1. For peptide C:104-114, compute the average count of partner chain beta-carbon atoms within 10 Å of each residue's beta-carbon.
2. With axes computed from alpha carbons, what is the tilt in degrees of helix B:149-161 against the longest principal axis of chain B, rounded to the nearest 10 within 0 to 90?
3. Across all directions of projection, what mean area in square nanometres is found for the Cα convex hull of the protein assembly as shown?
4. How large is the convex hull of the Cα atoms of region B:91-134 per residue, expressed in Å³ as a whole number?
5. In deg cm²/dmol, rounded to 500, what helix-only [θ] at 222 nm does chain B give when every DSSP H run of at least 4 residues adds -39500 (n - 2.57) and the total is split over its residues?
6. Would you tell me the mean number of C-beta atoms belonging to other protein chains that fall within 10 Å of each C-beta in C:152-158, as a whole number?
7. Determine the shape class of chain C: with a ≥ b ≥ c the square roots of the Cα gyration tensor eigenvalues, call it rounded for a/c under 1.5, and otherwise prolate if a/b is greater than b/c, oblate otherwise.
8. Counting pairwise Cα distances across region C:158-290, what percent come out greater than 19 angstrom?
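Just so you know, all these numbers are worked out from the coordinates, no wet-lab data involved. In this text the structure is predicted, and so the values were computed from the model without any measurement. Virtual Cβ from ideal backbone geometry, glycine too; neighbours counted across all protein chains shown.
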């Protein structure tokens with residue numbers, strides 16, 4: 001039981017790291033970045049590359065994943081979103097553009113690494129088991145949970161207490177006013193994508209470490225779950241995304257525990273059923289504050 | 001009375017955008033609605049046109065209760081409106097905009113059109129064409145978004161008139177118009193009223209309001225603070241304070 | 001004439017698939033035309049596919065009736081779904097329909113009579129090319145005529161500005177729902193035809209990826225006319241055949257085309273035929289897809 005709870009928190013943490021980046025871009029630019037799962041996957045592969053080609057330890061590889069995917073995120077914006085912003089295209093166009101981008105990158109990765117599972121080099125990942133009370137838990141996952149919480153705390157600090165964070169929040173509230181008030185909009189947008197993609201990349205690397213199995217399409221299931229997370233927590237709300245992520249993690253593990261084995265697939269339906277319910281009954285979600293586009 | 005609002009209220013969160021407003025517009029009248037910015041005029045219009053749900057109070061049109069009706073149902077009954085800042089169908093042509101305006105009065109021609117030579121209803125196009133002429137819109141095939149601002153405003157009025165309304169609500173129709181255009185608008189309104197239309201006019205242009213309205217109501221902070229003839233309103237100290245007071249604060 | 005017959009015989013399946021993809025693209029086009037972006041049509045396709053196949057194989061229902069019932073079932077499900085989500089717009093609607101799609105996919109994996117993960121096999125190959133293309137011609141004709149009617153104009157108005165459209169006497173909910181349900185029924189019809197073309201179906205055929213693919217056909221081909229989705233479906237389905245030596249890279253081309261179109265030709269490739277109008281629309285900011 002305790003192990004399951006711990007598992008739920010681990011799953012929730014990964015969802016949270018993934019979703020928070022997704023929510024950040026949505027809250028600032030109103031776009032659903034369907035290329036986010038790509039940076040998630042790239043993070044895992046960048047870590048792989050660093051570990052197998054340069055022999056870097058996992059910790060450094062994770063840092064590299066953060067930096068490389070962060071920069072990649074800025075590249076993604078310049079290529080797929082900036083041209084649309086310049087002509088004032090609606091957010092749906094951006095969504096479709098990111099879709100095209102994702103298709104291209106995922107396919108390129110499939111061509112390079114094959115569609116099947118790849119693992120990290122043997123012995124590169126810690127294999128400790130830690131005893132917490134009654135439960136014997138995987139040390140690596142415990143570490144990941146800790147890291148995830150740390151990263152989210154860091155994000156909160158940046159968003160609330162730094163000038164950059166204030167700029168980003170101003171941009172999210174009212175882009176035109178932000179520009180008039182002297183906010184360097186381009187820099188703030190670049191920073192948004194750097195942070196969002198960096199977090200997504202780290203999440204991918206950490207997940208890759210935990211399961212020791214990565215593949216080019218690994219981001220897609222998380223993307224779909226992220227929709228639920230954001231809707232439940234409140235579209236565009238960062239704390240909402242975190243809350244939603246843990247709710248989903250706990251809900252899924254609970255479903256797994258309480259459902260008979262043949263109905264295990266329904267666990268996925270839980271996520272979407274929840275999504276649906278929230279969108280229809282309370283589109284604002286738990287912590288969302290912006291008015292949902294309603295007729 | 002053609003339009004009656006009894007104690008209309010609308011809250012957003014904790015703020016009363018409109019509070020207990022009573023209005024009575026007689027048929028054939030031009031009724032003005034003025035007030036400082038943020039007084040709740042457009043919210044009130046949105047309540048009357050069905051775009052926002054009323055929290056308290058009732059609205060009657062031609063004697064029938066229309067409080068809970070959706071916008072399209074109100075249009076079918078004869079209430080048409082224009083929007084502050086013009087909401088045209090920019091990607092559609094001028095003619096198409098007016099044809100859409102006529103939607104409530106057109107019969108659905110889907111089945112007729114399934115036949116290869118299914119004849120379009122000439123009458124609708126003709127009456128649309130007449131409206132365009134009357135409003136001085138010369139290029140029916142131009143895209144609505146390409147028109148100059150003044151033309152766009154007139155197109156919006158043409159579109160609203162296409163539904164053959166009994167009551168026309170104009171939300172700041174003169175904004176951005178030069179004096180010549182305002183004068184033409186005044187003429188148009190007089191002609192429409194002579195044909196039996198009732199108009200509710202929301203405006204900041206004092207000359208237009210005073211020149212065309214028989215009765216004027218003044219809103220401030222969501223409440224009606226004064227009502228009367230234009231002369232009475234101009235002389236009212238309460239009204240002056242509302243406008244000057246808000247200027248002070250600004 | 002013989003050469004043509006040979007060509008058709010050799011490429012029969014591909015030609016069939018092109019037709020089906022065109023029908024699917026049109027199903028998404030209807031909703032896009034009314035200003036709604038739905039990613040649930042792969043799920044409706046699945047309902048039509050499984051519906052027609054199961055009715056035929058388990059209950060001996062004749063093929064044409066099976067298709068009709070599949071479409072009917074789909075429309076019946078689309079109605080409450082459409083009512084539940086008609087107030088949602090933009091990305092929220094997209095997400096809700098994605099959610100619906102996933103629920104359907106998971107149900108297909110779990111319900112006993114669907115064959116679960118293995119799907120259905122041995123579906124009799126009852127679909128002829130002429131079924132597909134007759135459907136396509138009829139649907140395209142009807143949609144073309146509807147486009148110029150009061151209904152089509154109402155949909156266009158809703159797409160342009162829903163709030164203004166409501167004040168023109170257009171019952172927004174009714175019209176949006178009609179587009180949504182029509183799209184669902186059409187997708188199901190295509191699904192039924194597809195199932196009897198391919199001998200077997202499985203839940204994985206109808207997931208998020210498929211829904212995205214259908215959307216891409218419509219968006220790349222173009223939204224201003226019925227020709228758009230048909231063009232998009234034809235081009236993107238035939239592409240792997242044309243680029244046979246490059247088939248490894250066809251997804252990459254598809255992705256690049258998608259990005260290129262949405263950035264530079266947002267109303268799709270058909271607009272190449274009317275570049276002047278597109279430029280006029282771009283100048284007034286009315287040139288985007290939804």
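1. Per residue, the number of nearby Cβ atoms from other chains is 3 on average.
2. So the helix axis and the longest Cα principal axis differ by about 80 degrees.
3. Working: hull surface 159.1 nm².
Result: 39.8 nm².
4. Each residue corresponds to 86 Å³ of Cα convex hull volume.
5. Calculated from helices alone, the mean residue ellipticity at 222 nm is -11000 deg cm²/dmol.
6. 5
7. Judged from the Cα gyration tensor, chain C comes out oblate (a/c at least 1.5, b/c at or above a/b).
8. Roughly 62 percent, rounded to a whole number.
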